[in-house]
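FYI, it's all coordinate maths here, none of it is from the lab. Fair warning: this is a prediction, and the values are worked out from it, not measured in the lab. Ideal geometry is used to build each Cβ from the backbone, glycine not excepted, and the neighbour counts take in all protein chains shown.
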Amino acid sequence: MKAIVSIKDVVDEMDVPSDEHSAFLNQRSGELVTLSNEEISAAEEDDNVDDYPKWQQEMIIKAKEVISSDDYLSLPSKFDIHEYNIIEGFCLSVENDKIRESLLDKIRGRGAFSRFKDAIQMNGIEENWYRFRQEELEKIAIDWLEVNQISYTKDHSRKDPIK
């Protein structure tokens, strides 16, 4: 039987913006784990864990479990998420014509991400952006969970205390 996972937990793991890490879900237990490329490489190369610092040994052992088990699925990565498309979608959703056009102009070319962040701060719409982005990441997570036939809940995170 597959686990029921929290969308918030999945989004939190997906939202680690790094080329150096990958996140996985154990579809049976619901466990989420993020591993560094170094830990995955050490597991694939079958390196001796004693050659690594104590704090990293557990993660290499976990990486060996992840790569040797069919229970773990790789979560959507930044390459699946397309952050630029989310930013562009947000810009297009802004109702104020002047702000919308200004934002669309800011996201063209080199340095688009930093210009965009400056523009949302200047226009006082940061909260709107973060809410929009969160909703988009949740849609991506839900699509991924449904494709993989994994049950999910929006109620609470397993990391958060149940009230």
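Computed packing ranks the peptides 79-92, 26-39 as 26-39, 79-92, most packed first, by mean other Cβ atoms within 10 Å. The angle between the Cα long axis of helix 97-106 and the main principal axis of the chain comes to about 50°, on a 0 to 90 degree scale. Ignoring aspartates and glutamates fewer than eight residues from LYS106 along the same chain, the ones with Cα atoms less than 12 angstrom from its Cα are GLU88, ASP118.
What is the magnitude of the charge dipole of the chain about its Cα centre, with +1 placed on the Cβ of each Lys and Arg, -1 on the Cβ of each Asp and Glu, and no other charges, expressed in debye to the nearest 20? Let's see the in-between values first.
Details: 21 positive and 36 negative charges, 162 e Å.
For this selection, approximately 780 debye.
If we count every other residue with Cβ under 12 angstrom of GLU20's Cβ, Lys/Arg +1 and Asp/Glu -1, where does the sum land? The answer is -2.
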